[in-house]
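Trainee: Can you keep this structure in mind? I'll have questions shortly.
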Amino acid sequence: LVLGSTLTSRGRFAEALDVLNRAYELGQQQGSALFMSEALTRRARVQWGAGEARAARHTALAALSKDSDIIEPLRASALALMEVLSSIEASPTPDTVAVEALESIVMRCPHPVVHARHWRAQAALAACRGDSLATLNAAQRLVEVTRQAGLLESLCEALTLIARFDTGSSAHAAWLQAQTLAQ
């Protein structure tokens, strides 16, 4: 799972998928629904990042079917975020159950990764509605959370959103910062 995440962060999606498929097989051999769900959630993230929204949606739903009672906030928020992002890409109606799940997790967990996932989902939902101002506000909140916690990958994503949705001078500055982080 860690190797799959590392390869994903480096943009080596094909290798990451192979490793995460192997992780899923290990989970099957161990009979661990939680491990299989985690491997599928990470695979959905890779697929979504590679622009394969329909595959990501299918994989996210498969992860949910393996262990729908995930209560640990980091795991549950990762799956809920993938459900939200992939549902937006797959249909014009976002997955409200996943949105509610993220909101519930944020209320009980102060972990910055959970809050970053919440704000990323909020930005995606606002963009889906065509609400540029709400998208920008959520992206700015995402910048605050990720910058403070040192979550550089999510910070890069937040800055990219600001560059895309801000109509002012900070759009170019955000784009430059995102490019620097991406390097």
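Each reported figure results from applying straightforward, stated rules to the coordinates on display, with no laboratory input. Because the structure is predicted, anything quoted here is derived from the model rather than measured. Glycine gets a Cβ as well: all are built from the backbone with ideal geometry, and neighbour counts include every protein chain shown.
Trainee: What is the Cα coordinate range of segment 66-115 on the first, second and third principal axes, sorted by size from largest, in whole angstrom?
Mentor: 31, 23, 14
Trainee: May I ask you to compute the full-extension gain from L152 to E15, defined as 0.36 nm times their residue separation minus their alpha-carbon distance, rounded to one decimal in nm?
Mentor: Extending this stretch completely gives an extra 47.1 nm.
Trainee: Tell me, what does the Kirkwood hydrodynamic radius of the chain come to in angstroms if you use every pair of distinct C-alpha atoms?
Mentor: 16.6 Å
Trainee: If you put +1 on each Lys and Arg Cβ and -1 on each Asp and Glu Cβ, how big is the dipole of the chain around its Cα centre, in Debye rounded to 20?
Mentor: With only Lys, Arg, Asp and Glu charged at Cβ, the dipole is about 240 debye.
Trainee: If you don't mind, there's one more thing I want to ask. Below 8 Å between Cα atoms, with a sequence gap of 6+, how large is the relative contact order for segment 25-112 in percent?
Mentor: Relative contact order for segment 25-112 comes out at 25 percent.
Trainee: If you don't mind, there's one more thing I want to ask. Per residue of segment 21-33, in order, report the coupling 6.51 cos²θ - 1.76 cosθ + 1.60 (Karplus, θ = phi - 60°) as ³J(HN,Hα) in whole Hz, putting x for Gly and Pro.
Mentor: 5, 5, 4, 4, 4, 5, x, 4, 4, 7, x, 9, 4
Trainee: If each residue of separation counts as 0.36 nm, what is the full-extension length gain between S104 and A50 once their alpha-carbon separation is subtracted?
Mentor: Extending this stretch completely gives an extra 16.6 nm.
Trainee: Figure the gain on full extension for S65 and L1 (residue separation times 0.36 nm, minus the Cα-Cα span) and round it to one decimal in nm.
Mentor: 21.1 nm
Trainee: Can you give the local net charge around V145? Use residues other than it whose beta-carbon is closer than 10 angstrom to its beta-carbon, Lys and Arg +1, Asp and Glu -1.
Mentor: Neighbour charge sum, excluding V145 itself: +3.
Trainee: Give me the compactness ratio for segment 1-73, meaning the Cα radius of gyration over 2.2 N^0.38 Å.
Mentor: My calculation over the Cα atoms of segment 1-73 gives 1.02.
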